[in-house]
Amino acid sequence: MEELNFYNNLLATLHLADQHAAEYLDEEINILIHKLKFIPQEQRPSVLVVEQKTGFQPIFNEQLQDVVTISGGRLLQEKFDNPSILLIIQENEALYGEIPVLLEDEILSRGSAIQSNQIYIVQKNSFGSQSSDFLTEVEICAEIVQPKYFIYGRQGNEWVKFDLT
């Protein structure tokens, strides 16, 4: 497994502030890591995260990297890398009128995520940007990336599958 820099720093900071919260976070994250330890890196789905508020530009940061890695995926930095899963971070209700532009993107439209109908909308506009939401974001991502292994009840509340059919 890759180095989890953001998670390790978050855990160290949390240990100083709230020992119980740190232990809970560590236990929950270790459950996810343990359940997925036999899935080789090359078999983990590639995930591209884009934001509505930036005109569907890919986002990549250390927190998102760890969220996706712990959830059983591989975070991509560019749409050219042919993602197998596309996560769209919703900013507002206008998203559904804007999605056709994303679906017609010259590169993404030919890619695996759109071709195999693996498009998901995260209804949390701060996704990947607030350390206090780290565990919630891992759970959201785990339900999307590894649905055979994880059900947290967040579908329909914090994320939805965008169905092309």
Item to check | helices (runs of 4 or more DSSP H) lying entirely in segment 60-165 (those with 2 or more residues that are more than 25 Å from Q43 (Cα to Cα) and not hydrophobic (A, V, I, L, M, F, W, C)) | outcome: 95-103
Item to check | Sole residue being free of Cβ contacts under 8 Å to residues at least 60 places away in the same chain and in contact with an Asp or Glu (Cβ under 9 Å, 6 or more places away or on another chain), chosen from F80, F134, F60 | outcome: F60
Checklist entry - How many of the residues making up segment 34-59 are touching a helix residue (DSSP H, G or I) at 6+ places or on another chain (Cβ under 6 Å) and part of a helix (DSSP H, G or I)? => result 1
Checklist entry - If E27 passes every condition in (1) among the acidic types (D, E); (2) loosely packed, with under 11 Cβ neighbours inside 10 Å; (3) at pLDDT below 95 but one, which one does it miss? => result (3)
Checklist entry - For segment 137-147, does any single residue satisfy the condition of being surrounded by fewer than 21 Cβ atoms within 10 Å (Cβ to Cβ) and over 12 Å from the mean Cα position of the chain (by Cα)? => result yes
Next on the checklist: So N82 ticks every box in (1) modelled with pLDDT of 95 or more; (2) under 18 Å from I144 (Cα atoms) but one. Which box is left unticked?
Outcome noted: (1)
Checklist outcome for this item: Of (1) of a type outside the set (A, V, I, L, M, F, W, C); (2) surrounded by fewer than 13 Cβ atoms within 10 Å (Cβ to Cβ); (3) at positive phi, G97 satisfies every one except (3)
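Per-residue answers, yes or no, for (1) crowded, with 18+ Cβ neighbours inside 10 Å; (2) without any contact (Cβ under 8 Å) to a residue 40 or more places away in the chain; (3) in contact with a Leu (Cβ under 7 Å, 6 or more places away or on another chain):
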site: S84; (1), (2), (3): yes, yes, no
site: D105; (1), (2), (3): no, no, no
site: I119; (1), (2), (3): yes, no, yes
site: R154; (1), (2), (3): yes, yes, no
site: T165; (1), (2), (3): no, no, no
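The values are calculated or read from the model by the stated rules, or taken from the named source; none is laboratory data. Predicted model only: the values in this text are computed from it and were never measured. Glycine also receives a Cβ, built like all others from the backbone with ideal geometry; neighbour counts cover every protein chain displayed.
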